[in-house]
Structure formats: C-alpha cells, structure tokens
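Colleague: The structure that follows is given in the form of structure tokens.
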Amino acid sequence: MKKLRGIHHVTAITSSAEKIYDFFTYVLGMRLVKKTVNQDDIDTYHLFFADDEGNPGTDMTFFDFKGIGKARRGTNEISRTGFRVPSDEALTYWLKRFEHYQVKHEMIREEFGRKVIYFEDFDEQYYALVSDENDQGIASGVPWKKGPVPDEYAITGLGPIYFTVKSLNDIETILVNNLFMRKETEHEGQVLYEMGEGGNGARVIVREDAENPVQLQGFGSVHHVAFRIEDRQELEAWIDHFNTLGVAHSGYVDRFYFKSLYTRMHRGLLFELATEGPGFIDDEEDYEHLGERLALPPNYRKHREYIESVVRPIDTVRSTKQFKKEYF
C-alpha cells in the first residue's frame with residue numbers, strides 16, 4: 001500500500017454560496033471548476049474552487065447548508081486552511097490586495113521555514129497564504145490564467161492544513177501509526193507532520209488546546225479534509241488497512257469526479273482519502289466552461305428538474321468576461 005501523497009481538497013461550510021463565489025473569484029483569484037450539489041443532500045450547493053485546470057491538491061470546496069448556524073470555534077477541529085503562493089514577494093503583493101479589498105488579515109510571519117499570512121473571510125473562516133519560495137516537495141498547480149491575480153503572485157494550490165486538538169498524543173497516534181505520516185519538528189507549540197514527498201502541499205500542522213470546549217460545526221468552519229491517493233486499487237488497500245485496525249469507515253464511495261473513502265478516527269476531524277482522477281473536465285463541461293453550469297454526476301441527472309427547482313441560480317459564467325490583472 002502506497003503512502004498518502006498530500007492534501008487533495010478541503011471542504012468547508014459557508015453562509016452564502018453567492019458571497020463565497022465572489023470572494024474566491026474576485027478577491028482570491030481562484031477558478032470555480034465545478035458548480036454542483038452535495039451528493040448526500042441535493043438541496044445544497046457544492047462549489048469547487050481550484051487552480052486553472054482543477055488539479056488534485058488545489059481545490060477548496062464549500063457547502064451552503066440551509067438553516068445552519070455559525071460555527072463555534074474551539075478544539076478538536078480542522079482550524080485553518082493554507083493556500084500556496086509562489087514566493088515571499090507574492091506575500092507582499094497579497095498584503096496590498098487584502099488592504100484594497102478590506103480583507104481581515106495579519107502581517108507576514110515565519111512558520112516552519114516558510115513565510116505566512118493569516119487571513120479570514122466574511123464568515124470568519126480561517127486561512128493562511130504560504131510562500132513556496134523555500135519549498136521542496138509535492139508540486140503545486142497552475143495559476144488561473146484568465147483570473148484577476150497576476151500569475152506570478154497567484155494561488156496555485158493547498159497546504160498546509162491546520163488542526164487544533166485536545167491531545168497531541170492522540171492525534172500523533174492517528175497521523176503516524178494509522179495514516180503513515182512523518183513527525184518532522186516542533187516550533188512554538190505547533191507540531192509539523194508530512195506525508196509523501198513532503199512540502200507545503202503535504203503538510204499538517206497541529207496545535208494542542210486542552211482548555212477550550214470542542215468546536216461546534218457551522219458556517220465558518222471546515223467540514224473535512226481529503227488526502228491524495230493514486231487510484232481505486234490504492235483505495236481498496238486502505239479499506240483493508242482500516243479493517244485490520246478496526247477503524248470505522250464509509251467503504252468505497254464513488255463521487256464521479258474522484259473515488260473516496262471517509263473515516264472519523266478523531267472526534268471533530270473527518271478525513272477523506274480521494275483518488276487523483278478522473279477530474280472535473282468531463283462530458284458536461286470542457287476546459288473553457290468549467291464551473292459555468294449546474295453540473296451533476298450521471299446518477300443525479302434524472303433529478304435535474306427537481307434540483308434546479310430547489311437550488312437558487314447563481315451566475316458563474318466567466319468565459320464571456322475578461323478579468324484585468326490587478327497590480328497594486
């Protein structure tokens with residue numbers, strides 16, 4: 001069985017599909033590569049923002065569950081999502097961009113040999129921009145070529161992902177013994193783990209918080225993190241591994257855009273293992289029109305009329321628009 005390759009995607013909860021589309025498209029300059037519905041709750045949008053091509057390891061996705069309340073931040077949570085940018089110089093650009101768009105943010109800090117900016121969105125969802133300047137490890141994606149952020153500064157992928165937990169010992173058993181990650185180093189109360197080739201796209205950073213209550217999931221929080229595996233054969237090997245450990249899991253799940261396996265080994269942390277393909281360019285959408293129509297996996301297309309009656313229309317057409325590259 002091969003080891004996990006890195007972060008595949010992160011899925012979070014938003015209070016507004018429209019507002020998160022605007023924030024990721026016009027402020028963060030990430031491409032909407034799929035506008036679909038939650039396959040377990042077809043009344044709910046599932047939006048996928050990624051690099052130019054929708055490559056694995058680059059997409060942050062969102063649910064907009066109807067009626068859900070605001071998250072209560074705490075411990076035992078996936079606490080922050082990192083995004084990769086090409087260089088330290090890019091972070092200086094992003095400070096100016098955040099000021100221009102009035103995005104709440106902190107100043108540049110250093111974290112495990114990387115320069116980082118913490119920031120948040122309108123839901124107080126927590127993010128980090130992380131420089132790839134000193135990065136050696138799994139490759140990132142490619143800038144959204146037609147987006148508003150200059151290519152030399154653009155977000156190209158995910159990583160690291162941050163956890164806050166009650167017990168470092170408990171999470172280390174899960175990450176190292178069960179998921180075969182490597183404990184690398186500790187710094188200022190945080191512990192760094194890596195998988196696969198390592199680097200920003202294959203990093204998990206963990207902080208212990210034994211004092212605060214367990215987080216309550218809602219908008220502004222992360223729903224789950226997915227880690228990269230190669231294919232269906234590897235997924236079946238992980239199923240056998242979890243069975244041997246006696247770990248509860250979902251079994252094989254076909255999400256059409258990738259194949260998945262879910263497990264909740266730690267309270268508050270839902271992990272998914274997801275295959276590299278087949279990806280988002282499919283029989284419904286070509287490269288030029290990714291994310292512009294409501295896309296449905298084949299098993300759901302017979303319900304299209306109903307689904308379109310319960311999810312409000314969102315205009316996500318960009319192939320007819322021209323974005324000016326913004327310099328500050």
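Colleague: Only residues that are out of contact with any His (no Cβ under 7 Å at 6 or more places or on another chain) and either among the hydroxyl-bearing types (S, T, Y) or surrounded by 22 or more Cβ atoms within 10 Å (Cβ to Cβ) (or both): list them for region 221-234, please.
Modeller: Taking region 221-234 as the starting set, the residues that turn out to be out of contact with any His (no Cβ under 7 Å at 6 or more places or on another chain) are 221-225, 229-234.
Those that are out of contact with any His (no Cβ under 7 Å at 6 or more places or on another chain) and either among the hydroxyl-bearing types (S, T, Y) or surrounded by 22 or more Cβ atoms within 10 Å (Cβ to Cβ) (or both): S221, V222, V225, I229.
Colleague: Only one of these conditions is not met by F271: (1) part of a loop (DSSP other than H, G, I, E, B); (2) surrounded by 19 or more Cβ atoms within 10 Å (Cβ to Cβ); (3) among the aromatic types (F, W, Y). Which number is it?
Modeller: Unmet for F271, out of (1) part of a loop (DSSP other than H, G, I, E, B); (2) surrounded by 19 or more Cβ atoms within 10 Å (Cβ to Cβ); (3) among the aromatic types (F, W, Y): (1).
Colleague: Could I ask something else about it? Going through K96, K146 one at a time, which residue ends up being touching a residue at least 60 places away in the same chain (Cβ under 8 Å), surrounded by fewer than 18 Cβ atoms within 10 Å (Cβ to Cβ), in a loop (DSSP other than H, G, I, E, B) and basic (K, R)?
Modeller: The conditions single out K146.
Colleague: Still on this structure, please answer the following. Looking at T164, T185, which one is in a strand (DSSP E or B), among the hydroxyl-bearing types (S, T, Y), out of contact with any helix residue (DSSP H, G or I) (no Cβ under 8 Å at 6 or more places or on another chain) and more than 17 Å from G113 (Cα to Cα)?
Modeller: So the residue among T164, T185 that is in a strand (DSSP E or B), among the hydroxyl-bearing types (S, T, Y), out of contact with any helix residue (DSSP H, G or I) (no Cβ under 8 Å at 6 or more places or on another chain) and more than 17 Å from G113 (Cα to Cα) is T164.
Colleague: Check V191, V206 and return the single one that is in contact (Cβ under 8 Å) with a residue 24 or more places away in the chain, in a strand (DSSP E or B), out of contact with any His (no Cβ under 6 Å at 6 or more places or on another chain) and aliphatic (A, V, I, L, M).
Modeller: V206
Colleague: Also, I was wondering about something else. All but one of (1) surrounded by 15 or more Cβ atoms within 10 Å (Cβ to Cβ); (2) part of a loop (DSSP other than H, G, I, E, B) hold for S260; which doesn't?
Modeller: S260 satisfies every listed condition except (2).
Colleague: For I78, state whether it is buried (at least 24 other Cβ atoms within 10 Å of the Cβ), in contact (Cβ under 8 Å) with a residue 40 or more places away in the chain and within 25 Å of L269 (Cβ to Cβ).
Modeller: Answer is yes for this residue.
Colleague: Pairs under 7 Å by beta carbon, first residue more than 15 Å from K321 (Cβ to Cβ) in region 17-40, partner among the hydrophobic types (A, V, I, L, M, F, W, C) and part of a helix (DSSP H, G or I), six or more apart or different chains?
Modeller: Hits for this filter: M30/F24; V37/I307.
Colleague: Collect the residues in region 31-55 that are crowded, with 24+ Cβ neighbours inside 10 Å and not in a strand (DSSP E or B), keeping them in residue-number order.
Modeller: D51 - this is the single residue of region 31-55 that is crowded, with 24+ Cβ neighbours inside 10 Å and not in a strand (DSSP E or B).
Colleague: Hey, could you check region 1-23 for residues that are of a type outside the set (A, V, I, L, M) and either modelled with pLDDT under 95 or in a loop (DSSP other than H, G, I, E, B) (or both) and say which is farthest from the chain's Cα centre (by Cα)?
Modeller: Selected residue: K2.
Colleague: Of everything in region 157-173, what is among the β-branched types (V, I, T) and over 12 Å from the mean Cα position of the chain (by Cα)? Give them in sequence order.
Modeller: Filtering region 157-173 for residues among the β-branched types (V, I, T) gives 161, 164-165, 171, 173.
Those that are among the β-branched types (V, I, T) and over 12 Å from the mean Cα position of the chain (by Cα): T164, V165, I171, T173.
Colleague: Can I ask one more? In region 283-328, which residues are in a loop (DSSP other than H, G, I, E, B) and either under 21 Å from the mean Cα position of the chain (by Cα) or farther than 29 Å from V149 by Cβ (or both)? Outline the logic, then answer.
Modeller: Step one: of region 283-328, the residues in a loop (DSSP other than H, G, I, E, B) are 283-286, 290-293, 295-297, 311-328.
Residues satisfying the conditions are D283, L290, G291, E292, A295, L296, P297, T316.
Colleague: Separate question: Under the condition of being surrounded by fewer than 15 Cβ atoms within 10 Å (Cβ to Cβ) and not acidic (D, E), which residue from region 278-288 is nearest to F256 (Cα to Cα)? Reasoning before the result, please.
Modeller: Of all residues in region 278-288, those surrounded by fewer than 15 Cβ atoms within 10 Å (Cβ to Cβ) come to 278, 283, 286-288.
When the remaining residues are screened for being not acidic (D, E), the result is 278, 287.
On the way: P278: 8, Y287: 17 Å.
Selected residue: P278.
Colleague: Among the numbered criteria (1) at negative phi; (2) free of Cβ contacts under 8 Å to residues at least 60 places away in the same chain, which one does L290 miss?
Modeller: (2)
The values are calculated or read from the model by the stated rules, or taken from the named source; none is laboratory data. All values derive from a computational prediction rather than experimental measurement. Positions of Cβ are generated from backbone atoms using ideal geometry, with glycine treated the same way; all protein chains shown enter the neighbour counts.
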